[in-house]
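The values are calculated or read from the model by the stated rules, or taken from the named source; none is laboratory data. Quick caveat: nothing in here was measured; it's all calculated off a predicted structure. Every residue, glycine as well, gets a Cβ built from its backbone with ideal geometry; the counts of neighbours run over all protein chains shown. Side chains are part of the model used for accessible areas, which takes the heavy atoms of the whole protein and leaves out ligands, DNA and RNA. Shrake-Rupley method; radii C 1.70, N 1.55, O 1.52, S 1.80 Å.
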Amino acid sequence: MSDAGTQTTKGNPTQYISDQLSELRAKGVAPKLRVLEGEQKAVCTFDGREVINLASNNYLGLATHKALRKASVDAVKRLGVGAGAVRTIAGTMQIHMALEEQIARFKNVEACVVFQSGFTANAGTVSAVLGKEDLIISDELNHASIIDGARLSKATIKVFKHKDVADCERILQEHASFPGKKLIITDGVFSMDGDIAPLPALCGLAEKYGCIMMVDDAHSSGVLGRGGRGTVDHLNCHGRVHIQVGTLSKAIGSMGGYVCGSRDLIDFLYLRARPFLFSTSHPPATAAACAAAFTLLDSPEGERLVKRLWANTKFFKRELKKRGFQFKASETPIIPIHVGDAAKAFEFSKKVFEAGVFAPAVGYPTVAEGKARLRAIVSAAHKRDQLLKAADILREVARPLGIL
Ligand SMILES: *Cc1c(COP(=O)(O)O)cnc(C)c1O
């Protein structure tokens, strides 16, 4: 036995990590990372096996699009590979400012700030805009980055039942005399069920009770609304949402997050959002790829890609329903296949993978205990025959496991 194995707990202060890990492995809820060989495509090779890829958020196939590649490579040649500093010191390049202006125009808002990721955009913004004397009213299924931002702000956090506008109003009534600022915050599209927030009704509450309204459009940027302009456009809530967050890491195909709003909001975030102040800005190639993506989205080709994404989504959902699957809540390309038990969901995913389809299982802490599922995501890049084959494989594997 090695020395490490014979050490007492006192001698090895990290022993509990190994113990917890063994426990997770024994329960069958510690899946290994799947490693992609080559590019993120509709069909690609993970861990040496060619599979139909229903696992990525690369909704429009832009992660490998030639226009984005070219923009990226050109930026490397022209501007190098790193920004060299945080935005507030020396790391603001012309290409960063141009991207922010482009996104603001695209979203039809006054101004935009780009962060290193959607995660930092949410966490950095919520914690900058609110403080400990304030109130955050948050959908129970909001993304982890919103929850972390809310915690960092030290504001009082009240959670309303998923998409339940009446429950949200109950909280607002109970806090009618709350002295601080109030923020209603929701995902635009919920990442685990693929359902859409009741944004118009929440905007109505924000207006009635004098709240700031914030929406996280990570799964709706490039997916919902004209040319992928997000839920505010899709649900016609123009001018009613003060803070719109989006990601550049999903449909946009690259990496980053952004916040859109008033000029003053953005100028304030330049001064107070901690990831903006304390973490280096994007390499030029990333900014260039994102800019190329928005140029594309604003063109007929972009509109075609968004249309194809939705046509594929409708097709695949119809084929899955024909085979007996149900996913009532989903209104988007995110399709959850409910399993319940986490170990069983991981087994389902593993067997589906061995049969040629990659759709990851999601369990606690990403979803609540007992609500584990397989999550399949359709993209514009899938071909009909690939989706048909995937539907057949899902059925064949689900039956003997008692999932169908
Ligand atoms: C993915 C996601 C994020 C984080 O975006 P990244 O750019 O990957 O950091 C934030 N919010 C929601 C709802 C998401 O699904």
(request) Count the net charge of all other residues whose Cβ sits under 10 Å from the Cβ of Pro333, scoring Lys and Arg as +1 and Asp and Glu as -1. (result) +1
(request) Determine ³J(HN,Hα), in whole Hz, for all residues of region 119-131 in sequence, where each value follows from phi through the Karplus function 6.51 cos²θ - 1.76 cosθ + 1.60 and θ = phi - 60°; x replaces Gly and Pro. (result) 4, 6, 4, 5, 4, x, 6, 4, 6, 7, 7, 10, x
(request) Put one equal scatterer on each alpha carbon of region 204-294, apply the Debye formula with no solvent term, and list log10 I(q)/I(0) at q = 0.12, 0.14, 0.17, 0.21 1/Å to two decimals. (result) -0.42, -0.57, -0.82, -1.14
(message) If you roll a 1.4 angstrom probe over the protein chains with everything in place, what fraction of the accessible area of region 65-297 belongs to carbon and sulfur, to the nearest %?
(response) 56 percent
(request) Hey, can you grab everything whose amide H is under 5 Å from the amide H of Ser221? Only 5+ residues off in sequence or another chain; H modelled, so Pro and N-termini drop out. (result) Thr247
(request) Could you do me a favour and compute the accessible area per residue for region 65-297, 1.4 Å probe, result in Å²? (result) 40 Å²
(request) Using packing as a proxy for protection, rank 161-174, 258-271, 37-50 so that the peptide with the highest average count of other Cβ atoms within 10 Å comes first. (result) 258-271, 161-174, 37-50
(request) For Lys321, go through the aspartates and glutamates and keep the ones whose alpha-carbon is under 19 Å away, minus same-chain ones fewer than eight residues off. (result) Asp193, Asp195, Glu331, Asp385, Asp392, Glu396
(message) Just to confirm a number: summing +1 for Lys and Arg and -1 for Asp and Glu over residues other than Cys211 whose beta-carbon lies under 13 angstrom from that of Cys211, what do you get?
(response) +2
(message) Modelling each spin label as a point 7 Å along the Cα-to-Cβ direction, I'd like the Arg151/Ala85 distance in nm, to one decimal.
(response) 3.3 nm
(request) For Thr14 and Val43, compute 0.36 nm times the residue count separating them, minus their Cα-Cα distance, and round to one decimal in nm. (result) 6.4 nm
(request) May I have the pair-distance distribution P(r) for region 294-361, computed from all Cα-Cα distances with 10 Å bins from 0 and rounded to whole percent? (result) 18, 37, 28, 15, 2
(message) As an exercise, take the mean of 1/r over every pair of distinct alpha carbons in region 138-274, invert it, and state the Kirkwood radius in angstroms.
(response) 15.3 Å
(message) Apply the Karplus curve 6.51 cos²θ - 1.76 cosθ + 1.60, θ = phi - 60°, to the phi angles in region 218-234 and return the couplings in whole Hz, x for Gly and Pro.
(response) 3, 8, 10, 5, x, 10, 9, x, 4, x, x, 7, x, 5, 4, 6, 4
(request) May I ask you to order 243-253, 144-154, 360-370, 77-87 by the average number of other C-beta atoms within 10 Å around their residues, highest value first? (result) 243-253, 144-154, 360-370, 77-87
(message) As a test of understanding, state the convex hull volume per residue of the chain from its alpha carbons, in Å³.
(response) 176 Å³
